Amino acid sequence: MSISIEDLARRNAAFATSGAFAGLPFPGNHSLRVVGCVDSRVDPSDLLGLKLGDALVMRNIGGRITPGVLRSWALLGKLGRGEPPGGHMVIMQHTDCGIRRLAEYPEQLAAFFEIPAAELAAKSVDDPYAAVRLDVGIARATLPPSISISGMVYDVQSGLVEIVDPVTTD
């Protein structure tokens, strides 16, 4: 299915008539952060029923926590209007992810993770459940403890998410 630029402009005009965007603050809601995959089948906003302004959503290949993602969140934190970091981060990965096929390109995939290619096996690119647990652990060890972190996996066949790594209470 091909969507033309004219189709996109028409869709935007319909969206603009809703006024759903009016009055939303920038930078938006810092209390909910979502990291998800760029796969067009798994838009976190749609899957989780989020509306504009409900969350800061960041998407990358595989929905992975990488050094680049952590740097981006740190920069976004500077936009927090003087509020201390807090809230909740959801790391959402999914079944049938294309990142598995990228294992055929180890040097490029290793560069994405900013690790040597010999360490790729530790990133669990073949298993979204193991990968989300790994990434939740990285986020918990790196981000301020005032940010609660959990992980889920979306099943592309059933349309359901499974909480794989819930928020922990210390």
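The residue of the range 90-137 that is farthest from the chain's Cα centre (by Cα), among those that are assigned to a loop (DSSP other than H, G, I, E, B) and within 17 Å of L70 (Cβ to Cβ), is I115. Scanning the range 105-128 for residues that are in contact (Cβ under 8 Å) with a residue 40 or more places away in the chain, open to solvent by 30 Å² or more (accessible area, probe 1.4 Å) and hydrophobic (A, V, I, L, M, F, W, C) yields one hit, F112.
Taken together, V132, V153 contain a single residue that is farther than 19 Å from L76 by Cβ and touching a Pro at 6+ places or on another chain (Cβ under 8 Å), which is V153.
I need the full set of residues from the range 101-117 which are at pLDDT 95 or above and among the charged types (D, E, K, R), in order please. If the condition is that a residue be at pLDDT 95 or above and among the charged types (D, E, K, R), then E107, E114 are the ones that fit. Screening the candidates G62, G36, G28 for the property of being open to solvent by less than 60 Å² (accessible area, probe 1.4 Å) and either modelled with pLDDT under 90 or farther than 25 Å from R140 by Cβ (or both) yields one hit, G28. The residues listed here are L76, L102; of these, the one that is surrounded by 14 or more Cβ atoms within 10 Å (Cβ to Cβ) and over 30 Å from A20 (Cβ atoms) is L102. Scanning the range 129-158 for residues that are within 19 Å of D43 (Cα to Cα) and free of Cβ contacts under 8 Å to residues at least 40 places away in the same chain, we see that the one that is surrounded by the most Cβ atoms within 10 Å (Cβ to Cβ) is Y129.
The values are calculated or read from the model by the stated rules, or taken from the named source; none is laboratory data. Keep in mind the model is a prediction, meaning the values are calculated, not measured. Glycine gets a Cβ as well: all are built from the backbone with ideal geometry, and neighbour counts include every protein chain shown. For the accessible areas, the whole protein counts, side chains as well, though only heavy atoms, and no ligand, DNA or RNA atoms are used. Shrake-Rupley method; radii C 1.70, N 1.55, O 1.52, S 1.80 Å.
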